[in-house]
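We did not get these values from a lab; they are worked out from the coordinates using the rules stated. Predicted model, so just to flag it, every value in this text is computed and none were measured. Neighbour counts are summed over all protein chains in view; Cβ atoms, including those assigned to glycine, are modelled from backbone coordinates with ideal geometry.
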Amino acid sequence: MASSSRLGRAPKVLDLFPDFEEFWARVRADPISSQLDRWEREHMAPWPELLSKQKENYAEEGFDWRRVARKWVFPFLEERFPRMRAIHLDLVRNLPKAWRRTRSALGIRFPVRFVIYVGIGCGAGWATTYEGRPSCLFGLENAATEHDGKDGWTFRTVAHEVAHLAHQHWRGERWEHRPDPWWMLYEEGFATYCERRIEPEGFLRRTGRKDWLPWCDEHRSWLARKFLSDVAGRRSLRPFFGSWYNIRGQIETGYYLGSEMIREWTERGSLQEVARLPLPEVRLRARATLGRLASRSS
């Protein structure tokens, strides 16, 4: 059965990985289509809300969740299983400390739940609600694509996802989650800036590549110009934010660009003031900030 625990004053933890280990032992030799069907009907059956959230996440983006899982997730679960186990152990060991550090840094006073699971590729970390409570969901199948449980992943991811929850909490009714390029840059940039501030050493290893941050620093102006150009041309921003896409071989460059933008804004206002900016002002400021970044030589 799944395990749950209280980490002192920390949130409730729902750990589904032990159940998944038992499930995978039964189906690892099955055809992929059978594994996927049984994951839905057997493994996810006790947690219908978690299953629905994953399906709806793909539906909102116009994707067939089965097709994505069949191509990008389930064919690699067996080879990534040792990494998933290592990351799970890292979470179990370090979640209490990561939560305390992040809660203290951001001054959080609301309850949070953590859910550890193996899903269909919705994200290594996911700030959302679960059973009506602000929650951080950790998808081990995604985390194992880039990380091995030895690079501070838990501390970085807790900081990032809890920062999303703090952002939502501070905005209250102003929360505007929507497919807007400027909102995406602002939302992810805010969480990444908090992550960078709380876990500066871990941020250096954010994508598992030592050259990621130096490359982004060197290409900051070029990234700003490309973002502006892609928004103007209404091109997909998945290369900036998607786990399975890259720009010149580098992933998650949009997170870096957004964090640079938020860093500038917090030089002129507090973190909570930046968190509460109205969406029209976010758009105006973001265009202006990227315009300045784009004009600088790099």
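A helix-only calculation puts the chain at -17500 deg cm²/dmol for mean residue ellipticity at 222 nm, using -39500 (n - 2.57) for each DSSP H run of at least four residues, averaged over all residues.
Here the chain is treated with +1 on each Lys and Arg Cβ and -1 on each Asp and Glu Cβ, and its dipole about the Cα centre works out to around 720 debye. Relative contact order of segment 180-298, taken over Cα pairs closer than 8 Å and 6 or more residues apart, is 40 percent. Extending 7 Å from the Cα toward the beta-carbon at both Arg268 and Glu49 defines two label points whose distance is 4.1 nm. Annotation: extensible slack from Ala25 through Arg209 equals 63.0 nm (criterion: 0.36 nm per residue apart, minus Cα-Cα distance). Would you work out if segment 38-194 is rounded, prolate or oblate? Take a ≥ b ≥ c from the square roots of the eigenvalues of the alpha-carbon gyration tensor; rounded if a/c is under 1.5, else prolate when a/b is larger than b/c, oblate otherwise. Oblate, since a/c reaches 1.5 and b/c is not below a/b. If the chain linking Ile32 and Arg133 were pulled fully straight, counting 0.36 nm for each residue of separation and taking away their Cα-Cα distance, it would gain 33.0 nm. The modelled label-to-label distance between Asn246 and Trp72, using points 7 Å beyond Cα along the C-beta direction, is 1.5 nm.
Scanning the chain for trypsin sites (Lys or Arg not before Pro) in DSSP loops with at most 15 neighbouring Cβ atoms within 10 Å leaves 29-108 as the longest stretch between them.
Comparing Gly249, Gly149, Gly202 in a Gaussian network model of the chain where C-alpha atoms under 10 Å apart are linked, the largest mean-square fluctuation is found at Gly249. Where both bridge residues fall in the chain, DSSP classifies roughly 60% of the beta bridges as antiparallel.
Each Cα pair under 8 Å and six or more residues apart adds its separation to the average, and for the chain the resulting relative contact order is 15 percent. Which log10 I(q)/I(0) values does segment 180-298 give at q = 0.14 Å⁻¹ under the Debye formula, counting every alpha carbon as one identical point scatterer? Log-scaled intensity ratios, in q order: -0.54. Note on the chain: with a GNM built from Cα contacts shorter than 10 Å, the maximum mean-square fluctuation among Phe114, Phe190, Phe17 falls on Phe17. Rounded to the nearest 20, the size of the Cβ-charge dipole of segment 25-108 about its Cα centre is 500 debye, with Lys and Arg at +1 and Asp and Glu at -1.
Where does the longest stretch of the chain lie that holds no GluC sites (Glu not before Pro) found in a DSSP loop with 16 or fewer other Cβ atoms within 10 Å? Here the longest segment lacking exposed loop sites spans 177-266. Here the label points at Leu284 and Glu201, each 7 Å from Cα along the C-beta direction, are separated by 4.3 nm in the simple model. Charge tally around Gly242: other residues with Cβ under 12 Å, Lys/Arg +1 each, Asp/Glu -1 each, net -2.
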